[in-house]
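Encoded as structure tokens, the structure appears first; notes follow it.
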Amino acid sequence: MGSRGASGEDEGGGRADRLERYRGKRRFDTTAEPRGADAPSGDEPAFVIQIHDARRLHFDFRLEVDGVLKSWAVPRGPSTDPTDKRLAVPTEDHPLEYREYEGVIPGGQYGAGTVIVWDQGTYRPLGRGREGGPDSFAGALERGHASFWLDGTKLRGGYALTRIRNGQDGEAEAWLLVKEKDAGSTRKGEHATPDPRRARSARSGRTLRQVLDEEA
Ligand code: MN
């Protein structure tokens, strides 16, 4: 389908075109990040949250939508406290295979630094995006508000992404990632945010440091 990405910059075309920005930033003879081929999609769309020790340490939050991973950099990471509003800055669509990527992006490359998969699983659209399947979830994102239920190894429950700045007039596009109140939420003061330096991969059990030591 000829959908615009959440960033509004991706025009028409298929999945290959939507990965143009992703591929344009990387040299695949140097980095082991996936180039993006035809990965089979599961019955339920996937999500992944990576921790990325780049120039600035941040979390990357990614949701499978129409064959690619819609992506946001979340500097402080997700919180299970519904009163926390976490800034989420959109980044380029990533290939589905990226949900399995952890490793060290070489120095000098785009995003140089260590990546671990902090959480992974599937999600279900909630609210308006629920009725028409993934297409209308994409529509909800285009309209600037989408809520969804995460079934992850670590995170479970409702979350919402809301666009707060549309990226026009020279300002960067910005969203908020907020936990909804449910059995998976915590109260103020309880441990609500992972410590990125101590956190362990949901895929391999490794910390950032262990991945760096093993793969650098
Ligand atoms: Mn990143």
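Do we find a residue being buried (at least 23 other Cβ atoms within 10 Å of the Cβ) and under 10 Å from the mean Cα position of the chain (by Cα) anywhere in segment 75-87? No, there is no match, as no residue in segment 75-87 is buried (at least 23 other Cβ atoms within 10 Å of the Cβ) and under 10 Å from the mean Cα position of the chain (by Cα).
Scan segment 170-178 and tell me whether some residue there is under 24 Å from Glu44 (Cα atoms), of a type in the set (Val, Ile, Thr) and outside any loop (DSSP other than H, G, I, E, B). Yes, because at least one residue in segment 170-178 is under 24 Å from Glu44 (Cα atoms), of a type in the set (Val, Ile, Thr) and outside any loop (DSSP other than H, G, I, E, B).
Residues are listed down the side, and each one gets a yes or a no for (1) polar (S, T, N, Q); (2) more than 20 Å from Leu96 (Cβ to Cβ):
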position	(1), (2)
Ala146	no, no
Leu155	no, no
Thr207	yes, yes
Val211	no, yes
Glu215	no, yes
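Determine if segment 95-109 includes at least one residue that is touching a residue at least 60 places away in the same chain (Cβ under 8 Å) and among the basic types (Lys, Arg). Within segment 95-109, not a single residue is touching a residue at least 60 places away in the same chain (Cβ under 8 Å) and among the basic types (Lys, Arg). Restricting segment 109-124 to residues that are more than 10 Å from the ligand (Cβ to nearest atom) and outside any strand (DSSP E or B) leaves a set whose member that is nearest to Arg206 (Cα to Cα) is Ala112.
State yes or no: is Arg27 at pLDDT 90 or above, exposed (fewer than 13 other Cβ atoms within 10 Å of the Cβ) and near the ligand (Cβ under 10 Å from one of its atoms)? No; evaluated as a whole, the condition is false for this residue.
Within segment 36-72, the set of residues being away from the ligand (no atom under 16 Å from the Cβ), more than 15 Å from Arg124 (Cα to Cα) and surrounded by fewer than 13 Cβ atoms within 10 Å (Cβ to Cβ) comprises Ala37, Asp38, Pro40.
Scanning segment 46-99 for residues that are of a type in the set (Asp, Glu), within 19 Å of Thr153 (Cα to Cα) and out of contact with any His (no Cβ under 8 Å at 6 or more places or on another chain) yields Glu64, Asp81, Glu97.
Reported count of residues in segment 174-204, each being surrounded by fewer than 17 Cβ atoms within 10 Å (Cβ to Cβ), of a type outside the set (A, V, I, L, M, F, W, C) and within 15 Å of Pro75 (Cβ to Cβ), is 3. In segment 174-184, the condition of being farther than 23 Å from Gly36 by Cβ, without any contact (Cβ under 8 Å) to a residue 40 or more places away in the chain, in contact with a strand residue (DSSP E or B) (Cβ under 6 Å, 6 or more places away or on another chain) and among the aromatic types (Phe, Trp, Tyr) is met by no residue. Tell me which residues, restricted to segment 73-104, are more than 15 Å from the ligand (Cβ to nearest atom), in a helix (DSSP H, G or I) and not acidic (Asp, Glu). Hit for segment 73-104 is Leu96, nothing else.
The values are calculated or read from the model by the stated rules, or taken from the named source; none is laboratory data. Please read all numbers here as calculations on a predicted model, not as lab measurements. Backbone-built Cβ (ideal geometry, glycine too); neighbour counts: all protein chains shown.
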